[in-house]
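Asks: Take a look at the following structure, please.
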Amino acid sequence: MSDNLTADEEKTLEQVTTYIARELSEGKSKEQIVKDLITKGWPRDDALKFVEPTELLLKEYKKSPEGRQTLVTAAKRHIIYGLLWLAGGMTVTYLTYATAGTDITYVLAIGAYLWGLIEFIRGLADWLKYKN
């Protein structure tokens, strides 16, 4: 950071950079992020000055061994959470079905199944993409 920036300005700069990196990581295009910044009152040139270097740094980070290891670790976490959500959904469904007795009302935890499946597939796809 620059020596001319105050502590508040440095904090704001860090927050903007983190926001841009997070949006890029989540799949937003550079142009979408620039549009978002413009709607927040940024001039287009200033928005591009922030988004373009952040995009390049993020691409370099993803190619580095450290970045790939971080992405693999995050992918494994998504796989585990997905499996836990699936297991939780199955457990809730089984327990409510087993205790229903003659009453045929029980919980089918579709939300947990779907979320678990999404997390698992997301993690597996990322793991396959970033593993050595």
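Since every read-out is calculated from the coordinates, none of them should be taken as a lab result. All figures in this text were calculated on a predicted structure; none of them were measured in a lab. Ideal geometry is used to build each Cβ from the backbone, glycine not excepted, and the neighbour counts take in all protein chains shown.
Asks: Would you work out which of L83, T105, L95 lies farthest towards the positive end of the dipole of the range 65-130? Charges go on Cβ: Lys and Arg +1, Asp and Glu -1.
Replies: The Cα lying farthest towards the positive end belongs to L83.
Asks: Please report the net charge: other residues with Cβ closer than 12 Å to the Cβ of G123, K and R +1, D and E -1.
Replies: That sum, taken over residues with Cβ under 12 Å, equals +3.
Asks: Run the helix sum for the chain: -39,500 (n - 2.57) per DSSP H stretch of 4+ residues, divided by residue count, reported at 222 nm to the nearest 500 deg cm²/dmol.
Replies: Value at 222 nm, helices only: -27500 deg cm²/dmol.
Asks: Roughly how many Å is it from the Cα centre of the range 1-38 to that of the range 56-74, as a whole number?
Replies: 19 Å
Asks: Another question, then. Mind jotting down a quarter of the surface of the convex hull over the alpha carbons of the chain, in square nanometres, one decimal?
Replies: Value for the chain: 12.1 nm².
Asks: Would you check the range 7-63 for Lys pairs whose C-alpha atoms are within less than 21 Å, ignoring same-chain pairs closer than 8 in sequence, and give me the count?
Replies: 17
Asks: Taking every alpha carbon pair in the range 65-130, what does the distance histogram look like in 10 angstrom bins from 0, in percent?
Replies: 25, 34, 22, 13, 6, 1
Asks: Still on this model: How high is the relative contact order of the range 7-63? Use alpha-carbon pairs under 8 Å, at least six apart in sequence, and give a whole percent.
Replies: 38 percent
Asks: Please get the size of the charge dipole for the chain, origin at its Cα centre, with Cβ charges of +1 on Lys and Arg and -1 on Asp and Glu, quoted in debye to the nearest 20.
Replies: 620 debye
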